[in-house]
Amino acid sequence: MTLPIVYNWVIIILRTCFTMIALSYLPVWLTLDYVSDLMYMIDMIITLHTGYLDQGILVKDLIQLRKRYLRSKHFLWDLASILPFDFLYFAFGIQTPLVRINRLLRIPRLNEALDRMETRTSYPNTFRIAKLMIYIFVLIHWNTCLYFALSSSLGFGSDPWVYPNITNTEFGSMRRQYFYCFWFSAQILTTVGDVPQPEREEEFLFMIADLLIAVLVFASIVGNIGNVITSLRDRDNVFFPNHELVKAYLRSHHISKELRERINNWYQHLYINKKIMRENEILQQLPLHMRTEITVSVHLRTLSKVTIFQNCDRSLLEELVLKLTPQVFSPGEYVCRKGDVGHEMYIIKEGKLAVVADDGVTEFAVLSDGNFFGEISILNIKGNKSGNRRTANIRSNGYSDLFSLSKEDLTDVLSEFPAAKRHLEEKGRQILTKMGMLEESGEKEEGEGEKVETKIQRLESNLEVLQTKLARLMMELESSNRKMQARVAQLELEVSELETQLSEDDGERDRTLGRGQGVGREAEWEREEAEGEEEEEEGSYMKGEKQGLGDDSNDVTKEGDGESTKSTKEDAEKVVEGDKCRPKNPDNQGDKSEDDGEKIQGDDRPGKGDGAEIEPENGKEAKSGKRESEEGKRRKRIRERKLKGRRNERKTKKK
């Protein structure tokens, strides 16, 4: 989609502003227009059949693809860009290509295409610069067309700022028109500014807009170029050691000129021959399986040439390949010296190394590509007379590329491959036997060591079984504890429920007994109060009779007092009987007492105790009868107040 979209962005505005170019090549433009439209429609069909990832799985079902594309925003943009506005040619004429302006709506598809190309190209920095130049060219092209159109509307040659008069043969050709306008726009947008001074308002506005756009263009150019240079520098720093830091360190410590020269030559060798020293750091961001595949494809052939690693499992070689470290040695540099403790073995990838005597002159042998040395010192073979010491001096004749494998890395890998470990140790013993460097006692000690290892392995297996049994027993114990705790909790709950029920039964029984005792006590209180009132009334009445009444009236008065006393006793007995006959229900107790009170209060008729039935025989008898009636009313009021007070006390006790 790059070509048809760029074509529409360039040609539509060109044909709109440069009418001479549009009419001169009209058949060509129409053909290219409809070819680009055909490519637009083909792109929609291809997009309709393009799969997409759903939770990491590629969806290829045509129904789902059609549904997803037709419901997306991309379909609306694509549909709008292909609408047949070309029929407007019949209204405005064939010389108005601006009716195809909707073809420019496919610009998101162009951005998508450029992004994919940038991720797939092997030269991303070059592609970024090329993409930036394309954007700048399109921008200057549009400014060129607008400048020519503005000059046409203002009049060609009307002032020095606009395009010169096209009647002049020098400025009348189509190529001269376009190239002059393009040069004019490029000067403005690249901030050169060597253009004629504008004279009209339209010219000033056009220049202001161009200068503002020029600032953005200049900033984008500088920013993108700076990013490209920075990425190139970062790439060099990742691939190669930082030479500037090393040189600064050497200068600050006043290192000798000869050593500085050797270091500079070493760096120069790395740069010229593209020797990468940081492979592990470069590939660190990749997943482990991808990193393994890359390293295997690069270094497995070299590792498989090593004699002790031949006939080993491929998985072992893949693990070892990840542990290899590239090293470069300069001419005359010793890789190892006789008697040094060996911490790594070396595999020659490229170069020549010599096995020399202690004097450094005599050469016993020359090692080349695919050879290795130092493997015996890192295998820990028992019975080795030299132990882990180097047995020879190895010196580089020129620049040599080697791979080093450390003792720790080899031990870690072989711990996961015991069969390969035994195989390598056997090959190492064979080599030592040929060299006469293996002691016989070492073999016996090795056999004893193997027996000890077998015992240790058996003990370890037994320990694992016991640990498994212990874990099972602990789980059973924990399960039984949980069950016991649940049972105890259930029993405690049942016991608490029983205690609650018993306490409720005892409370009901106590309330029943207390209610009966309270009723009897209240009756006794009423009886005692009634008797006390009668005694007081009799005493006061007898005292009055002695002072003002005669013998006849005394008899009458005694008779009246006796009747009134009887009536008072009868009233008290009624109150007690009413309390005794009252039900034990506390809710109805208040109602009954209120009914009794109402009965007592409503009993206002005069009784015998009041002296109402005695007819006075003389004036004294009339006075005594009147006094008796007043005294009886007073006793009733006192009795009513006391009964009300007792009822209030009972209500308060109930509350």
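All but one of (1) modelled with pLDDT under 80; (2) of a type outside the set (S, T, N, Q); (3) open to solvent by less than 20 Å² (accessible area, probe 1.4 Å) hold for Tyr346; which doesn't? Looking at each condition in turn, Tyr346 falls short on (1).
Please state which one of Ser122, Ser153, Ser81 is at pLDDT 90 or above, of a type in the set (S, T, N, Q) and open to solvent by 70 Å² or more (accessible area, probe 1.4 Å). Steps first, answer last, please.
On the way: Ser122 fails: at pLDDT 90 or above; Ser81 fails: open to solvent by 70 Å² or more (accessible area, probe 1.4 Å).
Selected residue: Ser153, the only one of Ser122, Ser153, Ser81 that is at pLDDT 90 or above, of a type in the set (S, T, N, Q) and open to solvent by 70 Å² or more (accessible area, probe 1.4 Å).
Scanning the stretch 136-180 for residues that are closer than 30 Å to Asp234 by Cα and without any contact (Cβ under 8 Å) to a residue 40 or more places away in the chain returns a single hit, Phe137.
Check the stretch 36-45 and report whether any residue there is polar (S, T, N, Q), over 39 Å from the mean Cα position of the chain (by Cα) and at pLDDT 90 or above. The answer is yes, given that some residue of the stretch 36-45 is polar (S, T, N, Q), over 39 Å from the mean Cα position of the chain (by Cα) and at pLDDT 90 or above. Just so you know, in the stretch 156-170 the residues that are among the hydrophobic types (A, V, I, L, M, F, W, C) and open to solvent by 30 Å² or more (accessible area, probe 1.4 Å) include one that is farthest from the chain's Cα centre (by Cα), and it is Ile166. Residues in the stretch 29-53 that are within 11 Å of Leu65 (Cβ to Cβ) and open to solvent by less than 80 Å² (accessible area, probe 1.4 Å): Thr47, Leu48, Thr50, Gly51, Tyr52. The set of residues from the stretch 1-10 being open to solvent by 20 Å² or more (accessible area, probe 1.4 Å) and touching a residue at least 60 places away in the same chain (Cβ under 8 Å) comprises Met1, Thr2, Val6, Trp9, Val10.
Taken over the stretch 86-97, the residue count meeting the criterion of being assigned to a helix (DSSP H, G or I), open to solvent by less than 90 Å² (accessible area, probe 1.4 Å) and without any contact (Cβ under 8 Å) to a residue 60 or more places away in the chain is 4.
For Leu23, the conditions (1) open to solvent by less than 90 Å² (accessible area, probe 1.4 Å); (2) out of contact with any helix residue (DSSP H, G or I) (no Cβ under 8 Å at 6 or more places or on another chain); (3) in contact (Cβ under 8 Å) with a residue 60 or more places away in the chain all hold with the exception of (1).
For the residues Val10, Val59, the requirement of being farther than 22 Å from His141 by Cα and not polar (S, T, N, Q) singles out Val59.
Among the residues making up the stretch 283-306, those that are open to solvent by 70 Å² or more (accessible area, probe 1.4 Å) and more than 40 Å from the chain's Cα centre (by Cα) are Arg301, Lys305. The residues listed here are Arg100, Arg128, Arg116; of these, the one that is modelled with pLDDT under 90 and buried (at least 16 other Cβ atoms within 10 Å of the Cβ) is Arg128. Within the stretch 280-307, the set of residues being within 28 Å of Asn265 (Cα to Cα) and in a loop (DSSP other than H, G, I, E, B) comprises Leu283 only.
One residue is enough: does the stretch 173-190 have a residue meeting the conditions outside any helix (DSSP H, G or I) and either open to solvent by 70 Å² or more (accessible area, probe 1.4 Å) or out of contact with any His (no Cβ under 7 Å at 6 or more places or on another chain) (or both)?
Let us first name the residues in the stretch 173-190 that are outside any helix (DSSP H, G or I), namely 173, 190.
From what's left, either open to solvent by 70 Å² or more (accessible area, probe 1.4 Å) or out of contact with any His (no Cβ under 7 Å at 6 or more places or on another chain) (or both): 173, 190.
Within the stretch 173-190 (the criterion being outside any helix (DSSP H, G or I) and either open to solvent by 70 Å² or more (accessible area, probe 1.4 Å) or out of contact with any His (no Cβ under 7 Å at 6 or more places or on another chain) (or both)), the answer is yes, since at least one residue qualifies.
What's the number of the condition Gln310 fails, among (1) open to solvent by 70 Å² or more (accessible area, probe 1.4 Å); (2) closer than 30 Å to Asn264 by Cα? (2) is the only condition that Gln310 fails. For the stretch 349-366, taking the residues that are within 20 Å of Lys305 (Cβ to Cβ) and open to solvent by 30 Å² or more (accessible area, probe 1.4 Å), the one that is nearest to the chain's Cα centre (by Cα) is identified as Lys349.
Filtering the stretch 54-67 down to residues that are of a type in the set (Val, Ile, Thr) and open to solvent by 70 Å² or more (accessible area, probe 1.4 Å), which residue is modelled with the lowest pLDDT?
Taking the stretch 54-67 as the starting set, the residues that turn out to be of a type in the set (Val, Ile, Thr) are 57, 59, 63.
Applying the additional criterion that residues be open to solvent by 70 Å² or more (accessible area, probe 1.4 Å) yields 57, 63.
Working: Ile57: 86, Ile63: 91.
Among them, the one singled out is Ile57.
Residue selection: Ile229 satisfies the criterion of being loosely packed, with under 14 Cβ neighbours inside 10 Å, β-branched (Val, Ile, Thr) and either modelled with pLDDT under 85 or in contact with a helix residue (DSSP H, G or I) (Cβ under 8 Å, 6 or more places away or on another chain) (or both).
The values are calculated or read from the model by the stated rules, or taken from the named source; none is laboratory data. As the structure is a computational prediction, the values presented were derived from the model and not from experiment. In this analysis, Cβ positions are derived from the backbone assuming ideal geometry, glycine residues included, and neighbour counts consider all displayed protein chains. Each accessible area value is taken on the protein alone, full model and side chains, heavy atoms only, with ligands, DNA and RNA left out. Shrake-Rupley method; radii C 1.70, N 1.55, O 1.52, S 1.80 Å.
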